[in-house]
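Asker: Pasting a structure below so you can have a look.
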Amino acid sequence: GFPSFWNVLVIELFTIGFAESYRTGLLDNPFPELTQGDVSPGGRFDPLNLAEKYDLEELKVKEIKHCRLAMGAWLGCISQALVTKEGPIANWSAHVADPVHQNLLAPGWCKDFGLYCQAY
């Protein structure tokens with residue numbers, strides 16, 4: 001059948017850990033003939049020259065904020081699918097067809113969450 005989760009986790013921890021320790025210089029490279037120079041020999045990948053037009057530190061902060069927003073949106077989609085046992089498109093089409101009865105506060109919506117639904 002499937003490989004053991006714990007075996008895969010241990011193997012990944014060791015392999016990724018060794019690769020990262022070689023990359024950061026914590027361990028000596030066992031293959032000195034395969035060393036490379038600069039990680040990005042052509043310089044920073046910036047085909048639109050955004051680093052020259054705008055403040056690079058501000059762009060980094062904006063990227064982090066947008067990534068966190070995207071992760072929160074994905075968490076919402078996953079949570080919705082786990083609770084309703086349907087996908088986001090099916091839930092949206094059901095809500096558009098009957099918005100009064102297909103929403104978060106509808107009495108029959110959350111059968112598995114008794115404390116929340118007893119108030120309604």
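The values are calculated or read from the model by the stated rules, or taken from the named source; none is laboratory data. Keep in mind that what you see is a predicted model, and the values were worked out from it rather than measured. Cβ coordinates were reconstructed from backbone atoms using ideal geometry, including for glycine residues, and neighbour counts include every protein chain displayed. Ligands, DNA and RNA are excluded from the accessible area calculation, which covers all protein heavy atoms including side chains. Shrake-Rupley method; radii C 1.70, N 1.55, O 1.52, S 1.80 Å.
Asker: Looking at (1) at pLDDT 80 or above; (2) on the phi > 0 side of the Ramachandran plot, which is the one condition that is false for I11?
Answerer: (2)
Condition check ((1) in a helix (DSSP H, G or I); (2) among the aromatic types (F, W, Y); (3) over 18 Å from the mean Cα position of the chain (by Cα); (4) at pLDDT below 80) across all residues:
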{"position": "G43", "(1), (2), (3), (4)": "no, no, yes, yes"}
{"position": "E57", "(1), (2), (3), (4)": "yes, no, yes, no"}
{"position": "V83", "(1), (2), (3), (4)": "yes, no, yes, yes"}
{"position": "E86", "(1), (2), (3), (4)": "no, no, yes, no"}
{"position": "S93", "(1), (2), (3), (4)": "yes, no, yes, no"}
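Asker: A follow-up question, please. Can you name the number of the only condition in (1) open to solvent by less than 100 Å² (accessible area, probe 1.4 Å); (2) modelled with pLDDT under 80 that Q118 fails?
Answerer: With respect to (1) open to solvent by less than 100 Å² (accessible area, probe 1.4 Å); (2) modelled with pLDDT under 80, Q118 is out only on (1).
Asker: To continue, here is another question. Looking for something more than 30 Å from L50 (Cβ to Cβ), open to solvent by 100 Å² or more (accessible area, probe 1.4 Å) and not aromatic (F, W, Y) - is there at least one such residue anywhere in region 90-98?
Answerer: no
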